[in-house]
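Written below as structure tokens is the structure these notes are about.
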Amino acid sequence: MLSGVFHGSILFLVSAGLQVVFGVQKIFNLACGSFYALGAYVGVSAVGWYVGAGGPPALFIAPLAVAGLAVGAVGVPVERGLLRFVYDRDETFQLLLTFAIVLMMEDAIRMTWGTSPRSTSGLYLTYGRVGVLGTTVPVYNLIVIGASLAIAVLIGWLLTRTTFGWIIRASADNREMTEALGVDMRRLHTTVFTLGTALGTLGGALVIPATAAMSEMGIELIVEAFAVVVIGGLGSMRGAFVGALVVGVLRSIAISVYPELEMLLIYLIVIAVLVLRPRGLFGGPPA
């Protein structure tokens, strides 16, 4: 269960970025998985540089998180150079473009880091283990879970208590009226997409001590992120949080009980939600 919550915490970061982008720009960003993989590889490189420079291992999480957030800046050229031209076109063009970004990013990762998996060489247990509910859990897992909860609270505060959050919500409800009131939608789109990208790359960086970075890890993440938004409701941040926990815990239970059911169980839940509540658990009414 705790392993599932850890995976759900990582999945929430990626799904939250996906929900923010869809809410404002109405684009289902398949490239979120590629940004996740990019954050993982940059995180490995940042930690390798940090340890090689003689930095104390106990503080490795700082360069890891900073690198994960910083590489989110790749969202600026992607949004301005590519996505801006398909906002007003059919959804098919948007899906094709974001999937093309997935393929290009995967090749770019292979050209830069090669095809062999990369890892952080044993830093996962730097903070030791702690007893929880009769078992031992790596402290790093609890740190990531706590960080994900803090980010969830911060996103909620940003969207409901700040002027920027009000503008985001207003543009999600009525783009034309928001623009008529003087909001620079081009700048807003760039900012929101970069924020969503940074959440995805941060998730990729934070998962690295627990697993190895692989070029194809983004494809698997896209499937899970899609399941999260279907279960929670497209465009709902609360839905992203609940959906990520559901997917993470179910995946962990399936792996520990009967690994062959890992993806099947998630798809069965998705099918059940689509049949019983097509808008998801927290999705809004249809337009």
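Helices (runs of 4 or more DSSP H) fully within region 32-94 that include at least 3 residues being under 24 Å from ILE219 (Cβ atoms) and of a type in the set (Ser, Thr, Tyr): 32-52. Scanning region 154-168 for residues that are more than 14 Å from ARG238 (Cα to Cα) and buried (at least 17 other Cβ atoms within 10 Å of the Cβ) yields ILE167, ILE168. Are any of the residues in region 110-126 touching a strand residue (DSSP E or B) at 6+ places or on another chain (Cβ under 9 Å) and free of Cβ contacts under 8 Å to residues at least 40 places away in the same chain? Yes, region 110-126 contains a residue that is touching a strand residue (DSSP E or B) at 6+ places or on another chain (Cβ under 9 Å) and free of Cβ contacts under 8 Å to residues at least 40 places away in the same chain.
Condition test on VAL86, is it touching a strand residue (DSSP E or B) at 6+ places or on another chain (Cβ under 6 Å), surrounded by 13 or more Cβ atoms within 10 Å (Cβ to Cβ) and of a type in the set (Val, Ile, Thr)? Considered against the rule, which asks whether it is touching a strand residue (DSSP E or B) at 6+ places or on another chain (Cβ under 6 Å), surrounded by 13 or more Cβ atoms within 10 Å (Cβ to Cβ) and of a type in the set (Val, Ile, Thr), VAL86 comes out as no. Among the residues making up region 234-249, those that are more than 16 Å from ILE151 (Cα to Cα) and at pLDDT below 90 are LEU234, GLY235. From the list SER148, SER171, SER215, the one residue that fits, being farther than 25 Å from ALA46 by Cβ, surrounded by 15 or more Cβ atoms within 10 Å (Cβ to Cβ) and among the polar types (S, T, N, Q), is SER171. Selection within region 138-159: residues that are in contact with a Lys or Arg (Cβ under 8 Å, 6 or more places away or on another chain) and part of a helix (DSSP H, G or I). The member of this set that is nearest to PHE60 (Cα to Cα) is VAL139. So in region 128-141, with the set limited to residues that are in contact (Cβ under 8 Å) with a residue 24 or more places away in the chain and out of contact with any Pro (no Cβ under 7 Å at 6 or more places or on another chain), which one is surrounded by the fewest Cβ atoms within 10 Å (Cβ to Cβ)? Checked region 128-141; the qualifying residue surrounded by the fewest Cβ atoms within 10 Å (Cβ to Cβ) is LEU133.
For the criterion of being among the polar types (S, T, N, Q) and not in a helix (DSSP H, G or I), SER215 passes. Report yes if LEU38 is surrounded by 18 or more Cβ atoms within 10 Å (Cβ to Cβ), aliphatic (A, V, I, L, M) and out of contact with any His (no Cβ under 8 Å at 6 or more places or on another chain), otherwise no. Considered against the rule, which asks whether it is surrounded by 18 or more Cβ atoms within 10 Å (Cβ to Cβ), aliphatic (A, V, I, L, M) and out of contact with any His (no Cβ under 8 Å at 6 or more places or on another chain), LEU38 comes out as yes. Residue count for region 176-189 under the criterion of being free of Cβ contacts under 8 Å to residues at least 24 places away in the same chain, surrounded by 11 or more Cβ atoms within 10 Å (Cβ to Cβ) and part of a helix (DSSP H, G or I): the result is 4. Residues satisfying the criterion are present in region 84-94 (criterion: in contact (Cβ under 8 Å) with a residue 24 or more places away in the chain and aliphatic (A, V, I, L, M)).
The values are calculated or read from the model by the stated rules, or taken from the named source; none is laboratory data. Source: prediction; values computed, not measured. Using ideal geometry, Cβ is built from the backbone for each residue, glycine included, and neighbour counts are taken over all protein chains shown.
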